[in-house]
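First comes the structure, then the notes that go with it.
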Amino acid sequence: MSYKVRSLHADEWPRARALRLEALRDPVASIAFMETYESAAAQPDSFWQGRAERGAAGAPGAQQIIAEGPDGEWVGTVTVLMEEVGSTDWAGLPVERLQGHLVGVYVQPGHRGIGLTEVLFDAGLEWAWAQGAERVRLLVHEDNARALRAYRRAGFTETGVTTTLGPDPGERELELAVERPDPESDG
């Protein structure tokens, strides 16, 4: 695979903005992301600059990881947010362990199915483990079959935790997680 996977640099906010807006145009964006294209596109540059700074290389609480294609085009991304014990996450769920939370997962359609999501996740997990995370989790809409398949292939398993995040209480988000590897094991 001739892709470069690395952390975002704060000054790359225009490219991060463009990739996020592209992701919000994906056919499953309405169940995959917690914002609309219209609301994101209306944000001022200062919003995007701050978002990039909070998730850039060297930032302690979050890390946005991007995948560059062979031609330098950004073709995928994932962000890891660290969640501290005793806090409440953005969905209102209590945080009981130091954990990473994967959000904003996106790979361009022409680059899907080749293992790029797993490579992005590996980079995100490596960063989370370096921050001391005990596990890394994500939430996925129960109807997002493509994402569920990708997350399971990457080693995430359902925890049994569900939540509703949108206006329809009949729609559920499933929590999937991967536990920190035991340093004593060989795997």
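The values are calculated or read from the model by the stated rules, or taken from the named source; none is laboratory data. Note that the structure is a prediction, hence the values are computed from the model and not measured. Every residue, glycine as well, gets a Cβ built from its backbone with ideal geometry; the counts of neighbours run over all protein chains shown. Note: areas computed on protein heavy atoms with side chains; ligands, DNA, RNA excluded. Shrake-Rupley method; radii C 1.70, N 1.55, O 1.52, S 1.80 Å.
Brief remarks follow.
- For segment 40-91, residues that are of a type in the set (Ser, Thr, Tyr) and over 19 Å from residue 117 (Cβ atoms) total 3.
- Of all residues in segment 1-25, those that are closer than 14 Å to residue 64 by Cβ have Cβ atoms under 8 Å from Cβ atoms of residues that are open to solvent by 60 Å² or more (accessible area, probe 1.4 Å) and of a type in the set (S, T, N, Q), 6 or more apart or on another chain, in 10/49; 13/49.
- Residues (hydroxyl-bearing (Ser, Thr, Tyr) and farther than 22 Å from residue 9 by Cβ) located in segment 20-75: 30, 36, 37, 39
- Number of positions in segment 123-149 that are charged (D, E, K, R) and either open to solvent by less than 30 Å² (accessible area, probe 1.4 Å) or at pLDDT 95 or above (or both): 4
- Selected residue (only one of 125, 138 is outside any strand (DSSP E or B) and either under 13 Å from the mean Cα position of the chain (by Cα) or touching a residue at least 40 places away in the same chain (Cβ under 8 Å) (or both)): 125
- Residue match in segment 7-21 (condition: under 24 Å from residue 175 (Cβ atoms) and either out of contact with any Ser or Thr (no Cβ under 9 Å at 6 or more places or on another chain) or open to solvent by less than 60 Å² (accessible area, probe 1.4 Å) (or both)): yes
- Considering residues of segment 36-82 that are in a helix (DSSP H, G or I) and under 15 Å from the mean Cα position of the chain (by Cα) only, the residue surrounded by the fewest Cβ atoms within 10 Å (Cβ to Cβ): 54
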